[in-house]
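Participant: Here's a structure for you.
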Amino acid sequence: MATLKLKDGLVQNSNSFTGDFTVDTNDRSMAVGPITISGTATVNGSFTVMSEVNITGTVNIGSNGTFDVR
């Protein structure tokens, strides 16, 4: 699983997502890369990755979901 922490007023995420996670409908989530997704991501809302993403697991995007890499 990924680690999320608040340090010196900044939100930081780890560089790997190893477990399963879901972005629910009407929710928005963001991660700053480079990151690796090796678990299963289910995106029914909006998921944005800043920089780059390496997907070695599974990403399921629902009919109203969006997955954006910038």
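Participant: Checking the conditions here, which among SER63, SER16, SER51 is of a type in the set (Ser, Thr, Tyr) and touching a Gly at 6+ places or on another chain (Cβ under 7 Å)? Reasoning before the result, please.
Facilitator: Values: SER63 fails: touching a Gly at 6+ places or on another chain (Cβ under 7 Å); SER16 fails: touching a Gly at 6+ places or on another chain (Cβ under 7 Å).
On inspection, the qualifying residue turns out to be SER51.
Participant: Here are SER14, SER29: which of them is within 10 Å of the chain's Cα centre (by Cα) and surrounded by 14 or more Cβ atoms within 10 Å (Cβ to Cβ)? Step through it out loud before you land on a result.
Facilitator: Numbers: SER14 fails: within 10 Å of the chain's Cα centre (by Cα).
Going through SER14, SER29 in turn, the sole match is SER29.
Participant: Hey, can you tell me all the residues within the stretch 32-46 that are open to solvent by less than 10 Å² (accessible area, probe 1.4 Å) and not in a loop (DSSP other than H, G, I, E, B)?
Facilitator: Within the stretch 32-46, ILE35, ILE37, ALA41, VAL43 qualify.
Participant: Now for a separate question. If the requirement is being open to solvent by 90 Å² or more (accessible area, probe 1.4 Å) and either under 16 Å from ILE61 (Cα atoms) or in contact (Cβ under 8 Å) with a residue 12 or more places away in the chain (or both), which of these qualifies: ASP24, ASP20, ASP8? Show your work before the answer.
Facilitator: On the way: ASP24 fails: open to solvent by 90 Å² or more (accessible area, probe 1.4 Å); ASP8 fails: either under 16 Å from ILE61 (Cα atoms) or in contact (Cβ under 8 Å) with a residue 12 or more places away in the chain (or both).
After ruling out the rest, the residue left standing is ASP20.
Participant: Please give the number of the condition THR56 fails out of (1) open to solvent by 70 Å² or more (accessible area, probe 1.4 Å); (2) at pLDDT below 95; (3) not hydrophobic (A, V, I, L, M, F, W, C).
Facilitator: So the condition that THR56 fails would be (2).
The values are calculated or read from the model by the stated rules, or taken from the named source; none is laboratory data. Note that the coordinates shown come from a computational prediction; the quantities given were computed from them, not determined experimentally. Cβ sites come from the backbone with ideal geometry, for glycine too, and all protein chains shown count toward neighbours. Note: accessible area is taken over every heavy atom of the protein model, side chains too, but ligands, DNA and RNA are not part of it. Shrake-Rupley method; radii C 1.70, N 1.55, O 1.52, S 1.80 Å.
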